[in-house]
Amino acid sequence: MRYIQQVAVGRLPELNVYGADYPTKDSTAIQDYIHVMDLADGHVAALRELFTMEKIGCVAYNLGPGHDASVLEMVAAFEKASGKVGSLLFSTSISPDGFASVLEHELLHVLSHI
């Protein structure tokens with residue numbers, strides 16, 4: 001998101017979109033974006049759980065909104081919300097991780113209802 005914002009305010013000339021040939025609905029990569037306040041709330045919930053557990057161990061919690069968005073969907077959402085339209089530069093993929101990065105978050109839902 002910060003790169004989209006920097007293009008919108010003129011700090012960057014264009015947004016680099018790395019990879020436009022993925023097997024997705026608009027050919028761009030997919031991620032699950034999380035708001036920083038949701039990330040903070042997740043950390044607080046994990047700490048609460050840690051201090052209420054009888055046995056302290058190690059549990060990994062994936063924080064994510066439970067839905068994904070492509071790069072172009074995020075750009076469109078930002079443009080709709082801000083009224084600013086930025087320039088896009090499509091480049092070859094640089095990610096060795098593949099075209100989708102979406103977290104499994106069911107354990108977090110259990111934690112958030114405690």
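Descriptive notes on the structure:
- Single condition Lys80 does not satisfy, out of (1) surrounded by 11 or more Cβ atoms within 10 Å (Cβ to Cβ); (2) modelled with pLDDT of 90 or more: (1)
- Every residue from the range 14-37 that is at pLDDT 85 or above and either surrounded by fewer than 11 Cβ atoms within 10 Å (Cβ to Cβ) or not in a loop (DSSP other than H, G, I, E, B) (or both): Leu15, Asn16, Val17, Tyr18, Pro23, Lys25, Ile30, Val36, Met37
- Hits in the range 2-40 - residues which are within 14 Å of Glu73 (Cα to Cα) and under 12 Å from the mean Cα position of the chain (by Cα): Ala29, Ile30, Gln31, Asp32, Tyr33
- Residue in the range 47-77 that is nearest to Tyr18 (Cα to Cα), counting only those that are in a helix (DSSP H, G or I) and open to solvent by 80 Å² or more (accessible area, probe 1.4 Å): Leu47
The values are calculated or read from the model by the stated rules, or taken from the named source; none is laboratory data. Just so it is clear, the model here is predicted, and its values are computed rather than measured. Every residue, glycine as well, gets a Cβ built from its backbone with ideal geometry; the counts of neighbours run over all protein chains shown. For accessibility, only protein heavy atoms count, side chains too; no ligands or nucleic acids. Shrake-Rupley method; radii C 1.70, N 1.55, O 1.52, S 1.80 Å.
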